[in-house]
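Visitor: First the structure, then my questions, so here it is.
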Ligand SMILES: [Zn+2]
């Protein structure tokens, strides 16, 4: 089965990328994340000495999600062609409503990939909550597990559904674009706290569907092309 081989080799390459991205992250992610840990925030990084760009951080997170989905599909080759990304929301109980709404928004906006709630053991990524001076972000824990962190204060300052749907956009492969208008979901905190739009615009929806158009293998190929750039 050549498609199996391809997925396996792509997974190996993705694994390398994750290991590289996770270097220097000795602190468990459940504790206060270290500053050098790659993370794609809801707002632009204020620390100008940051060694990684928001783009590459979003990519590292996306690759971790893809690797998890690929691993499960390798175990179950008869899985349906449509890609389902499973999340665990049990560690972000405060944001249960916003997470459900974000799922609803994305599942009604794109057709080639679907989000689905599941148990921690079945999840490709998780939502977590707490206090972090950097606000909300998508990151990996240094062991290849992707998670979305939702910061209490930022979710009071900004529209919480927009924050959640924005971070979930990284799960589906979208990078940040802070200079965009409120109508863009991936502009995040760029348009300010008065922006309450939680829906991706037409271009963002089309981009996600293009990315996942050929199923998982194609999405992985595209993610690898980007990281090779
Ligand atoms: Zn972001």
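Every read-out reported here was derived from the displayed coordinates using simple, explicitly stated rules and does not represent laboratory data. For clarity, every value in this text was computed on a predicted model and none was experimentally measured. Note that each Cβ is placed from the backbone with ideal geometry, even for glycine, and that neighbours are counted across all protein chains shown.
Visitor: For residue 119 and residue 179, what is the calculated FRET efficiency with R₀ set at 41 Å and r taken between the beta-carbons, to the nearest 0.05?
Guide: The pair residue 119/residue 179 has a calculated efficiency of 0.60.
Visitor: Here is a follow-up. Please give the contour-minus-distance gain from residue 217 to residue 111: 0.36 nm per residue of separation, less the Cα-Cα distance, rounded to one decimal in nm.
Guide: That works out to 36.5 nm of additional length.
Visitor: If you don't mind, another one. Compute from the Cα atoms of region 70-228 the Rg and the Dmax, the latter being the longest Cα-Cα distance, and quote both in angstrom.
Guide: 15.2, 46
Visitor: Points 7 angstrom from Cα along the Cβ direction at residue 203 and residue 76: gap in nanometres?
Guide: According to this spin-label approximation, the distance is 3.7 nm.
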